[in-house]
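Report on one structure; see the data block that follows.
Every number in this text was worked out from the coordinates using simple rules, so none of it is lab data. Keep in mind that what you see is a predicted model, and the values were worked out from it rather than measured. Cβ atoms come from the backbone with ideal geometry, glycine included; neighbour counts cover every protein chain shown.
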Amino acid sequence: MYDVIIIGGGVAAFTAGIFTSRRGLKTLIIGKDIAGQANYTDAIENYPGLQEVGGFELVSSIRQQAENFGAEFLIAEVSKVKAVADEFIVTAFDKQYKAQSLILAYGKTPKDLGVPGEAELKGKGVTYCATCDGPLFKNKVVAVAGIGDIAAEAGLICAPFAKQVFILSKTDRLICHPALNKALFRKKNVKLLPFVQIQQLIGEGKLEKMQILDLKSGHQMELDVDGLLVELGYVVDSNFLQNIVKLDEQEQIIVNADQATSYSGIFACGDAINSSYKQAVISAGNAATAALACYDWLMRRQGGIGLTSDWNQIKRLK
Ligand SMILES: Cc1cc2nc3c(=O)[nH]c(=O)nc-3n(C[C@H](O)[C@H](O)[C@H](O)COP(=O)(O)OP(=O)(O)OC[C@H]3O[C@@H](n4cnc5c(N)ncnc54)[C@H](O)[C@@H]3O)c2cc1C
């Protein structure tokens, strides 16, 4: 029986693992892969204390830190979570693991474009996070695939840095907020390529060009680009939770300020929760909160006093 099972293999899961195992909790982390979305980027430039770090490198180092404090890590996909009396039963690859508490850190996955060349060029010019990677395209030619608000925002993020931003649409417009649309096409270096469909991504070791189909004429053409931002939204598979915790309409886990979910003993953190902003440092921060709140919950359940907080003794200076 574990004190806590953490579900996920990204920044949030391993950060939570550092804090639970350092508090002496018997911790099992179960992740489908190592690093999650951080695998999509070779250069994280905004993680405090590190000038530039590869996503996998960052998460591997956080994992090492968690394991140094005693956390166990299992690469497996969780297919079921069940609450039975005072414990949780987690099924992964047909084996069952028991714990007194859970921390959910299963993140989210950007939707793929689904064209040849995409898999090979992910993180090599093909990216899925404008906030994260937009500034990497300074003085470069970038294309945006997507027509919604997030695509318009991606164009706006890139425009101040990029030499040229192409917005590719299968129609002659974007379906986004009018204010975003206006702001986007006011930028001199942003151009809409209407009635086109991306067919293939081409490049040796990095994205160099895209084969696109002109939907009106039926002609194929090539567009030279340094970067492609795929802005089609994200997918989350939370079926394994079997509705045990409350989710919002975007399938994000609803948490309170202490990262507690609607089910007692289950905490959640990282990109899987209903937070407005999703970045590695934000995931790490709320994962630490989830882990400490989980520790506090376990201690109190066992009749202890929980975590003593020295900051609630703060008095105002007269
Ligand atoms: C292209 C790109 C570039 C980015 N660049 C930056 C950047 O420069 N700076 C920055 O701060 N942030 C960046 N981000 C965002 C950052 O990567 C995420 O905010 C962060 O990875 C979220 O961490 P997480 O652990 O919450 O979730 P994720 O990274 O999504 O990890 C979730 C983990 O859970 C696992 N999992 C899911 N379901 C199951 C299951 N059923 N069983 C077991 N395991 C499961 C997944 O395999 C994965 O390991 C970028 C994101 C992308 C996509």
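Observations on the model:
- Cα shape, the stretch 1-160, gyration tensor, a/c 1.5 rule: prolate
- Rounded to the nearest 20 debye, the dipole magnitude of the chain is 920 debye, with +1 charges on Lys and Arg beta carbons, -1 on Asp and Glu beta carbons, and the Cα centre as origin.
- Cross-link check: pairs LYS95/LYS124; LYS111/LYS170; LYS80/LYS246; LYS111/LYS188; LYS32/LYS138; LYS138/LYS278 evaluated at a Cα-Cα cut-off of 27 Å; pairs beyond the cut-off: LYS95/LYS124; LYS111/LYS188; LYS32/LYS138.
- Among the cysteines of the chain, those with no neighbouring cysteine Cβ under 4.7 Å are CYS158, CYS176, CYS269, CYS294.
- Each Lys and Arg contributes +1 and each Asp and Glu -1, all at the Cβ; summed about the Cα centre of the stretch 175-313, the dipole is approximately 460 debye.
- Each DSSP beta bridge with both residues in the stretch 118-230 is either parallel or antiparallel, and the antiparallel ones are about 40%.
- Scanning residues 5 or more positions from VAL126 or on other chains, those with amide H under 5 Å from its amide H are LEU207, LEU228, with H placed 1.01 Å from N in the peptide plane.
- Distance from the stretch 213-239 to the stretch 54-133 (C-alpha centre basis), Å: 26 Å
- Whether the stretch 118-230 is rounded, prolate or oblate, judged on the alpha carbon gyration tensor where a/c under 1.5 counts as rounded: oblate
- Estimated FRET transfer efficiency when R0 is 51 angstrom, pair LEU307-ASN139 (beta carbons, to 0.05): 0.55
- DSSP beta bridge pairing in the chain, given as percent antiparallel to the nearest 5: 45 percent
- Under the membrane-span-like helix rule (DSSP H runs whose alpha carbons stretch at least 24 Å along the helix axis, mean Kyte-Doolittle hydropathy 0.0 or higher), the chain yields 280-301.
- Placing a pseudo-label 7 Å from each Cα along the Cα-to-Cβ vector at HIS177 and VAL115 gives an inter-label distance of 2.8 nm.
- Burial order of peptide ranges 90-97, 5-12, 45-52, 61-68 (average beta-carbon count within 10 Å, highest first): 5-12, 61-68, 90-97, 45-52
- Projecting the Cα atoms of THR91, MET210, PHE137 onto the charge dipole of the chain (Cβ charges, centred on the Cα centre) puts PHE137 farthest toward the positive pole.
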